[in-house]
């Protein structure tokens, strides 16, 4: 036996905003899908029927999640709607309800300042730093970063990731030494 769905009632303004989002070409596809779920839920469609209408990528659990999130925030939305304030404010609150929640995860290990300093060292020529090579290798650059006490520890691979992300490797002359036979790619 399935658990009955919590009913959703929309105000006129809420329905108009959601309908606009389902038709909008410049609207994010996730927001468009979630707006459709709320509209179909307000029209009384069962989760299983909604899943069939929305396509094979949408399962009943996803519909249940967004329906429950909307119901949990109904009071906030009704207060915002009752103030009869600007439509933009109500739309922003509705968008907040239908947005992804922040995801958990480990905090970054390196600060933006540390990353910038690592990249700055990578921009120097090895000769300027007293390293007797023509191009940085990840391990040489790692040693230099540690010698300068920019960070307590870092892997050669992480140094390479920072440089790759900063797109410095797309310069005419590669920042890091290339393995024999490898070509420098230009971006």
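The values are calculated or read from the model by the stated rules, or taken from the named source; none is laboratory data. None of these values were measured; they are calculated from a predicted model. Glycine also receives a Cβ, built like all others from the backbone with ideal geometry; neighbour counts cover every protein chain displayed.
From the list 81, 59, the lone residue that is over 30 Å from residue 166 (Cβ atoms), touching a residue at least 24 places away in the same chain (Cβ under 8 Å) and surrounded by 12 or more Cβ atoms within 10 Å (Cβ to Cβ) is 81. Regarding the range 86-100, can at least one residue be identified that is over 22 Å from residue 24 (Cα atoms) and either not assigned by TED's automatic domain parsing to the domain that holds residue 35 or not in a helix (DSSP H, G or I) (or both)? No, the conditions are met nowhere in the range 86-100. The requirement of being modelled with pLDDT of 55 or more and touching a strand residue (DSSP E or B) at 6+ places or on another chain (Cβ under 6 Å) is fulfilled nowhere in the range 154-171; no residue meets it.
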